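Right, one structure below, let's go through it.
The values are calculated or read from the model by the stated rules, or taken from the named source; none is laboratory data. Source: prediction; values computed, not measured. When we count neighbours, we look across all protein chains shown, and the Cβ atoms used for this are built from the backbone with ideal geometry, even at glycine. With ligands, DNA and RNA removed, areas are computed over all heavy atoms of the protein, side chains included. Shrake-Rupley method; radii C 1.70, N 1.55, O 1.52, S 1.80 Å.
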Amino acid sequence: MRLNLGRKISIFFSLIAIGMVLVVALVFYHVVSWNVSELHYRYLEDKAQLIAIEKFEYEEMDSLKYQNLQRSRQNTVPTSKELILNISDKETKKQLCEYLTEEQFEELLSDSIVDFIYNGEDGVALLYYDVKGTYSILVIGPNHYAKAIGRIVGWSLAVLVVIFSVILYFFAHLYAVRSLNEVEKAYRTERLFVNNASHEINNPLTAIQGECDIVLMRDREPEEYRNSLQRISEDVERMINIINQLLNLSSTSEATPEEELEKVDMEALVKEITADYDNISVSVNENFTVLAKYYLLQMAIRNIINNARKYSDDELVSVVVDNPMVKVSDLGIGIPPSEIEHIFDPFYRASNSSGNAGNGIGLALAKTIIEKSNAEITVHSDLGKGTTFCLKFKKV
């Protein structure tokens, strides 16, 4: 389903882009064709001028100029027909109308150079004034250049469009699949988050409702009321704790302004967190400082250490400060290999953690804070032997 949608999206956007490329290619092709055609008309015009000079001015030229004129004419574009017609002749109009329309004939008489097409070939007509009269020079010839250049440009554009289309589709498909993966992951995470949050909050509410219903069924002794209120208080405290962690998780998703960051001494921070614990060993190989929000970083490392203590069955937890890393290791139950990638998802709890209380927010909150502190967190775990969390910071 996801791949089909990704293919549809990539095809859709590829078609739009390819359509735009085709439009540009067609415009380019027609611009090139028009310019080649226009250039051919100007070459024909030059040849018509040379024909007129050779016809009417050769007597005024010396042999050298005449040779140069003939050489220039020979180097012009090939033609299939060359005509010199006297405008004063009554038969001229009838003859010219075989090649020109009425409008083109009038345009020629107004002393304009006329471009026309005759039997699929390009032609140029112009007037030349001589002492003997006014003459019309017509030159007609096939535009071999346009056909050759048109083929070259057309095939080149076609090949480029095909290559571009394949490359574009490939990258569009990769981008669409990657984007859908991110959207799908975000959707799964959000759905899991909402379901688990609803479940975690609903549990204490259900317990409170049930406790109230039981108490209200009949009159009870003061001691029973106190016990019921105590259980309700514990459930309320549990719900408040969940809501507070959710609020912390929400607030830490926003970037901390740089001016609010402070230098945090890692050795002092770790020792402050572990000061009240007996089963934690702290060693400092090389101390370092980081730029972070102090209380947030404290919360993150505390959550990781508390997580290690919770699943270590009172075994010793080791915390090592070694620039630029902090390692928290325990000898607890470990994490199943297939579940390591999910332990930072909100409300996710490993399948072997059911015997320990918790709601699965602590590690998700810790990871968010660590990443906002320009650091990365990695996990290595051996099932039944223990787990090590490694926090790697950027040096200040």
Q: Would you mind checking which residues have amide H under 5 Å from residue 87's amide H? H placed 1.01 Å from N; only 5 or more apart, or other chain.
A: 134, 135, 136
Q.
Probe radius 1.4 Å, ligands and nucleic acids ignored: give me the carbon and sulfur share of the accessible area of the range 98-176 as a rounded percent.
A. 67
Q) Taking only protein heavy atoms and a 1.4 Å probe, what accessible area per residue, in Å², does the range 46-105 have with all protein chains in place? A) 68
Q: Kindly sort 97, 390 by accessible area of their heavy atoms, largest first, with the probe set to 1.4 Å.
A: 97, 390
Q.
Defining a contact as two alpha carbons under 8 Å apart and six or more residues distant in sequence, what relative contact order in percent does the range 65-153 show?
A. 31
Q: Enumerate the calculated ³J(HN,Hα) couplings along the range 81-86 in order (Karplus 6.51 cos²θ - 1.76 cosθ + 1.60, θ = phi - 60°), each rounded to whole Hz, writing x wherever the residue is Gly or Pro.
A: 8, 9, 10, 10, 10, 7
Q.
How would the range 252-332 be classified by its alpha-carbon gyration tensor: rounded, prolate or oblate, with rounded meaning a/c under 1.5 and the a/b versus b/c comparison settling the rest?
A. prolate
Q. Put +1 on the Cβ of every Lys and Arg and -1 on every Asp and Glu Cβ in the range 1-154; which of 19, 108, 58 then has its Cα farthest towards the positive end of the dipole?
A. 19
Q: With a 10 Å radius around each residue's Cβ, average the other Cβ atoms per peptide and rank 230-237, 293-300, 333-340, 218-225, highest first.
A: 293-300, 333-340, 230-237, 218-225
Q: Report, by chain and number, residues whose modeled amide H sits under 5 Å from the one on residue 288, excluding near sequence neighbours (fewer than 5 apart, same chain).
A: 266, 267
Q) How large is ³J(HN,Hα) for each residue in the range 129-137, as worked out from phi by the Karplus curve 6.51 cos²θ - 1.76 cosθ + 1.60 (θ = phi - 60°), to whole Hz, x for Gly and Pro? A) 9, 9, 4, 7, x, 9, 10, 9, 9
